[in-house]
Amino acid sequence: MLTGLYAILFYVATAVLVGGLAYRIRLYWNTPAPLKIPTTPAPTTEAGVALRLAREVVLFESLFKSNKWIWLFGWIFHAALLLVVLRHVRYFINPVPDIIVFVQEFGIYAGFAMIAGLAGLWARRFLVPRVRYISAPSDHLMLALLMAIGLSGLTMKFVAHTDIVAVKAFFIGLMTFSWQPLPADPVLLVHLTLVALLMIIFPFSKLLHGVGLFFSPTRNQADNPREKRHLAPWAAKLEAGEGPK
Amino acid sequence: MADMSDYIMDESEIPDPLERPEIMPGSMEGLKPFIAKPDHQSALGFPGELVDNWQEKAIGKMGELLGKYRSLQVYLDSCVKCGACTDKCHYFLGTGDPKNMPVARQDLLRSVYRRYFTFSGKYFPKLVGARDMTKEVLDEWYSYFHQCSQCRRCSVYCPYGIDTAEVSMAAREIMDSVGVGQKYCNEIIGKVYKIGNNLGLPKKAIQSTLEGLEEELEEETGLKIRMPIDEPGCEVLLITPSADLFAEPHIQGLMGYAKVFHEAGISWTLSSYASEAANFGMFIGSYENMREVSLRIRKAAEELGVKRIIFGECGHAWRVAYSFLNTLAGPFDFLDPRYPSPQHICEFTYDLMQEGKLKFDKSKNDQYRLTFHDSCNVARASRMGDKPGGQFELPRAILRATCNHFFDMAEDTIKEATFCCGGGGGLLTDDLMDIRIKGAQPRMRALQQVREEHGVTHMAAICAICKAQFTKVMPHYGFDMDSILSVHQMVANAIVMTGSIQAKELEENANAAAAEGQAA
Ligand code: SF4
Ligand code: SF4
Ligand code: SF4
C-alpha cells in the first residue's frame with residue numbers, strides 16, 4: 001500500500017518534472033529573440049558566449065559583481081546541492097561509480113553547507129527591507145521546502161537512521177518496474193514526499209531560472225549585429241509584407 | 001559607521017553615489033507623464049483613447065508579445081527574487097520608492113502575467129503574488145514604467161541577465177495598444193513621420209542654421225567648411241540627433257563633426273527626410289515604429305547614393321543603429337563594404353587619429369578639467385571599434401588626445417556600471433522633472449567626488465538626451481548648466497586644420513619660441 005503510493009507519487013513527479021521542463025524548454029526554444037540585446041561585457045563570438053554562460057553557471061559571475069552576500073549564500077547553497085545530489089546518485093545505480101563513492105564524504109558536509117546557505121538567503125528575506133519588500137509567500141515557502149528536505153535528510157544520517165539498502169532497492173525497483181517495499185520510516189517518508197513535491201513544483205515556479213539562464217538573450221547572444229544580420233521569422237514576414245511607407 | 005565618517009571631513013560631504021536609501025513606499029506614486037492625445041496615438045497606429053474592452057485587449061497583447069519576445073517570456077519566468085538588482089537602479093537610489101527597484105518594477109507586470117498565463121497564478125494567486133488586470137494596476141504601470149529609462153544597469157547585475165528595459169518596453173507597448181500612450185514619445189515619433197525629425201525642424205530652418213554655422217566656422221578658421229543637406233553623391237550620410245542642430249552643447253559637437261570631415265577630405269551630407277538619429281520607437285517598445293523610423297535612414301542613404309552612414313553623438317540612437325539597424329532596415333550591402341555600417345562618429349574620428357590625419361592643440365582645452373559620462377545605451381547595449389569595450393576606450397582616447405586634464409569618475413559608476421543621466425528612455429520631458437532630478441543623483445554624486453578630488457570642472461558626453469538632461473539638472477547639484485560638453489566639441493576646440501588660422505598661429509608661435517630660444 002505505502003510502497004504503491006510512493007511508487008505512483010514518484011512516477012507522477014518524474015513525469016511532471018520531465019514533461020513540464022520539456023514543455024518550457026520547447027516554448028523558450030520556439031520563441032524568437034527578434035533583436036540583438038546582449039549586455040556588456042558581451043563576447044563577440046559563439047565560443048565567447050559559451051564561456052560567458054559557463055562562468056555564470058559555475059561562478060555566478062554577475063551575482064558576484066552585484067552583491068557579495070547573496071553570492072556567498074547562493075553559491076554555497078548551489079554547490080552544496082550539487083554535491084548532495086551527486087551523493088544521492090548511489091541510490092539509483094549499481095554498481096556505484098568511483099566518483100560517486102568519492103563524493104560521499106563531501107556530500108555529508110555539503111548537507112550542512114546547504115542548510116547554512118539557505119538560512120543565509122532566508123535571513124535576508126527578513127532582515128533586508130528591500131528583499132522583504134519583494135518576497136511573496138511562495139518565496140518563503142520555497143526556502144522552507146528546501147530547508148525541510150535538507151533537515152529531514154540530515155536527520156536520517158545523524159539521528160534516526162533508515163534502511164538505505166531497502167531505499168535503494170525501492171528506487172532501483174521503480175526504474176526497472178519491479179517494485180520493492182519502501183521502509184515505513186516517518187522521516188524518510190517526509191523526506192521523499194517533499195522531494196516529490198519539489199519535483200512537481202519545479203516546472204511551474206521560479207526554479208525555472210536554471211533553464212532560463214541559457215535562454216536569456218542578454219547573456220546568450222554574441223555581440224556581432226553589424227557583421228551578421230539577425231532576423232526573427234515574424235519580423236521576416238513583416239518585412240515581406242510591406243515596404244517603407 | 002556614520003560617526004566614523006563625521007571625522008573624515010571631505011568624504012562625509014559627498015555621499016557615496018551607490019548609497020542605498022531607506023525604502024519609502026509610495027513616494028513616487030503620483031508621478032505620471034502627460035497622456036498622448038488621440039491624434040498622437042492614431043498617427044502611430046494606436047487607438048486614440050482607452051478602448052472599451054481594454055482588459056481583454058491588454059491581456060491579448062501580452063500573450064502576443066510573450067510569443068514574439070523570448071526575453072519577455074524567459075524573464076517573467078526566471079526571477080528568483082534574490083534581490084541583487086534592488087539597489088542598482090538610479091531611480092531607486094534617488095527616490096527610495098521600492099517600486100523603482102528593478103525586480104519590483106518587473107513584478108508590476110509579472111503579477112498580471114502570473115494571473116493569466118501561469119498555472120500557479122490562476123489557481124493560487126495570493127501565494128505567488130498574482131493580480132488581476134485592473135484600472136489601478138494600469139495606472140500603476142503608467143506611472144512606474146515611465147520611471148524607467150531602459151538603461152539596463154539592472155541587467156548587468158542580475159544573475160540571469162533579466163533586463164527590466166525589455167519589461168518596460170512590453171508594458172508601454174501594451175498600454176499603447178489599449179489607447180494609453182505617453183504624449184512625449186508618441187508626439188515626437190509623429191513628428192518624425194511628418195517632418196523628419198524629433199524637433200519638427202523643417203528643411204528650410206535646418207538649412208539656415210547650417211548656413212549660419214558655416215559662416216561661423218569660416219570666421220573662426222578661415223576655411224570654407226561645408227555643412228550640406230540633401231546633397232546627392234556624397235561619400236557619407238550623417239545621421240545625427242536633431243538636437244545637434246538646435247541645442248547647446250550639442251551644436252558645438254556638430255561643428256566638430258564638420259571640421260573632422262573637412263580635414264579628412266571626405267564629402268558628407270545630412271538628409272532632411274532622415275534628419276533624426278533618435279528613434280523613440282525603441283522607448284515605446286514598438287518594433288513596427290522603430291522599423292519605420294529606421295527605414296527612413298535606409299531610404300535616404302539609397303536616394304542620396306552615399307557609400308557610408310555615420311551616426312552622430314546620441315546614446316539610444318547608437319543602440320538602435322549598432323544593434324538593431326541591420327535587423328530593422330538591412331542588409332546594407334549597397335554601402336562600401338570596407339567600413340562597418342553604420343559607423344559611429346567616434347569610430348570615424350578615432351580611425352583618422354590612428355592614421356595620424358588629425359592634429360590637435362590640446363592647450364586650447366586647458367580651461368577644462370574633464371571627465372566623461374558613459375551614456376548607458378552606448379555602454380551597455382552597443383559597441384565601437386572591433387574589440388569588446390571599444391565603446392569605453394574610443395571616446396576616452398579622443399578626449400585624452402584633445403584635452404590635457406582628463407579624470408575618470410569612480411570605477412563603479414562608469415563603463416558597464418555607468419549610471420543613466422536620469423532623462424533617458426522617453427523621460428526627457430518637463431512633466432517628469434521630479435524623477436529626472438532625483439534619478440540624476442548617483443551620477444551627480446560621482447561627479448561631485450571628482451570635483452573634490454581632481455578639481456574636475458566639466459563633463460563630456462556622447463548622447464543628445466544626456467546633454468539636454470544634464471543642462472537642466474546640473475544646477476540642482478551645484479554645477480553650472482554649461483558644465484556638460486559634447487565630445488566633438490573638445491575635438492572642435494583642439495583641432496588644428498590644415499591651412500587654418502589656428503595652424504598659422506601655431507606656426508608663428510613655434511617660430512617665435514624658436515627665435516627666442518636662439519636669442520637666449
Ligand atoms: S537580480 Fe534578477 S533574479 Fe534577482 S531579483 Fe533582480 S531580477 Fe530577480
Ligand atoms: S533599466 Fe535602468 S531605469 Fe529601468 S529598472 Fe533597470 S536600472 Fe532602473
Ligand atoms: S539619455 Fe543618455 S544616460 Fe540616459 S538613458 Fe540615454 S544614453 Fe543613457
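The values are calculated or read from the model by the stated rules, or taken from the named source; none is laboratory data. In this text, all values refer to a predicted model and were calculated from it rather than measured experimentally. Using ideal geometry, Cβ is built from the backbone for each residue, glycine included, and neighbour counts are taken over all protein chains shown.
Before we move on, is A:Arg55 in contact with a Gly (Cβ under 7 Å, 6 or more places away or on another chain) and charged (D, E, K, R)? When the stated conditions are applied, A:Arg55 does not pass them. Quick check: is even one residue across the range B:428-435 of a type outside the set (D, E, K, R) and within 15 Å of the chain's Cα centre (by Cα)? Checking the range B:428-435: at least one residue is of a type outside the set (D, E, K, R) and within 15 Å of the chain's Cα centre (by Cα).
The test for being in a loop (DSSP other than H, G, I, E, B) and within 14 Å of chain A (Cβ to nearest Cβ) does not hold for B:Gly356.
A single member of B:Leu50, B:Leu93 is modelled with pLDDT of 95 or more, more than 16 Å from ligand 2 (Cβ to nearest atom) and not β-branched (Val, Ile, Thr), and it is B:Leu50.
Here B:Pro337 meets the list (1) assigned to a loop (DSSP other than H, G, I, E, B); (2) within 19 Å of the chain's Cα centre (by Cα); (3) free of Cβ contacts under 8 Å to residues at least 24 places away in the same chain almost entirely, failing just condition (2). Just one of the numbered conditions (1) more than 16 Å from ligand 2 (Cβ to nearest atom); (2) polar (S, T, N, Q); (3) part of a helix (DSSP H, G or I); (4) closer than 17 Å to B:Thr240 by Cα is not true of B:Gln391: (4).
For the range B:245-275, a residue qualifies if it is of a type in the set (Ser, Thr, Tyr) and part of a helix (DSSP H, G or I), and exactly one does: B:Tyr257.
Residue under question is B:Gly181, and the condition is that it be at pLDDT below 95 and either buried (at least 23 other Cβ atoms within 10 Å of the Cβ) or away from ligand 2 (no atom under 16 Å from the Cβ) (or both); does it hold? For B:Gly181, the condition - at pLDDT below 95 and either buried (at least 23 other Cβ atoms within 10 Å of the Cβ) or away from ligand 2 (no atom under 16 Å from the Cβ) (or both) - is not met. Among the conditions (1) within 25 Å of B:Gly253 (Cα to Cα); (2) without any contact (Cβ under 8 Å) to a residue 24 or more places away in the chain, the only one that B:Glu516 does not satisfy is (1). The residues of the range B:155-166 that are within 16 Å of ligand 3 (Cβ to nearest atom) and β-branched (Val, Ile, Thr), listed by number, are B:Val156, B:Thr164. Among the criteria (1) in contact (Cβ under 8 Å) with a residue 40 or more places away in the chain; (2) under 19 Å from B:Asn186 (Cβ atoms), the one B:Ser294 does not fulfil is (1).
Pull up the range B:60-85, narrow it to residues that are aliphatic (A, V, I, L, M) and within 7 Å of chain A (Cβ to nearest Cβ), then point me to the one that is farthest from ligand 1 (Cβ to nearest atom). Ranking the qualifying residues of the range B:60-85, first place goes to B:Val74. Residue count for the range B:37-46 satisfying the condition of being within 18 Å of B:Leu138 (Cα to Cα) and buried (at least 18 other Cβ atoms within 10 Å of the Cβ): 2. For the range B:63-121, what are the residues that are over 17 Å from B:Met175 (Cβ atoms), within 16 Å of ligand 3 (Cβ to nearest atom) and of a type outside the set (Ser, Thr, Tyr)? Hits for the range B:63-121 are B:Lys88, B:Cys89, B:His90, B:Phe92, B:Leu93, B:Gly94, B:Asn100, B:Pro102. Scanning the range B:372-387 for residues that are hydrophobic (A, V, I, L, M, F, W, C) and either closer than 13 Å to B:Phe311 by Cβ or within 14 Å of ligand 2 (Cβ to nearest atom) (or both) returns B:Cys376, B:Val378, B:Ala379, B:Ala381, B:Met384.
For every residue, the table says whether it meets (1) at positive phi; (2) more than 16 Å from ligand 2 (Cβ to nearest atom); (3) touching a residue at least 12 places away in the same chain (Cβ under 8 Å).
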| site | (1), (2), (3) |
| --- | --- |
| B:Glu136 | no, yes, no |
| B:Tyr157 | no, no, yes |
| B:Asp163 | no, no, yes |
| B:Arg172 | no, no, yes |
| B:Asn198 | no, yes, yes |
| B:Leu210 | no, yes, yes |
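Any chance the range A:120-142 includes a residue that's away from chain B (no Cβ under 13 Å), under 20 Å from A:Trp75 (Cβ atoms), in a helix (DSSP H, G or I) and aliphatic (A, V, I, L, M)? Scanning the range A:120-142, I find no residue that is away from chain B (no Cβ under 13 Å), under 20 Å from A:Trp75 (Cβ atoms), in a helix (DSSP H, G or I) and aliphatic (A, V, I, L, M), so the answer is no.
Pairs linking a residue in the range A:203-216 that is closer than 20 Å to A:Ile134 by Cα and at the interface with chain B (Cβ under 7 Å from one of its Cβ atoms) to a residue that is of a type in the set (S, T, N, Q) and outside any helix (DSSP H, G or I), with Cβ atoms under 7 Å and 6 or more positions apart or on different chains, are A:Phe204/B:Thr118. Helices (runs of 4 or more DSSP H) fully within the range A:9-95 that include at least 3 residues being more than 16 Å from ligand 3 (Cβ to nearest atom) and more than 12 Å from every other protein chain (Cβ to nearest Cβ): A:46-59, A:68-88.
Under 30 Å from A:Glu46 (Cα atoms), assigned to a helix (DSSP H, G or I) and in contact (Cβ under 8 Å) with a residue 40 or more places away in the chain - does that describe any residue in the range B:416-434? Checking the range B:416-434: at least one residue is under 30 Å from A:Glu46 (Cα atoms), assigned to a helix (DSSP H, G or I) and in contact (Cβ under 8 Å) with a residue 40 or more places away in the chain.
Listed conditions (1) under 29 Å from B:Cys158 (Cα atoms); (2) without any contact (Cβ under 8 Å) to a residue 60 or more places away in the chain; (3) not aromatic (Phe, Trp, Tyr) are all met by A:Met156, apart from (1). Among the residues here, B:Gly312 qualifies as at pLDDT 95 or above, under 19 Å from the mean Cα position of the chain (by Cα), among the small types (Gly, Ala, Ser) and not assigned by TED's automatic domain parsing to the domain that holds B:Cys151.
Among the residues of the range B:463-471, are any away from ligand 1 (no atom under 16 Å from the Cβ) and either hydroxyl-bearing (Ser, Thr, Tyr) or over 24 Å from B:Ser242 (Cα atoms) (or both)? Scanning the range B:463-471 turns up at least one residue that is away from ligand 1 (no atom under 16 Å from the Cβ) and either hydroxyl-bearing (Ser, Thr, Tyr) or over 24 Å from B:Ser242 (Cα atoms) (or both). Going through (1) within 15 Å of ligand 1 (Cβ to nearest atom); (2) within 11 Å of chain A (Cβ to nearest Cβ); (3) in contact (Cβ under 8 Å) with a residue 24 or more places away in the chain; (4) touching a Phe, Trp or Tyr at 6+ places or on another chain (Cβ under 8 Å) one by one, B:Ala104 falls short only on (3).
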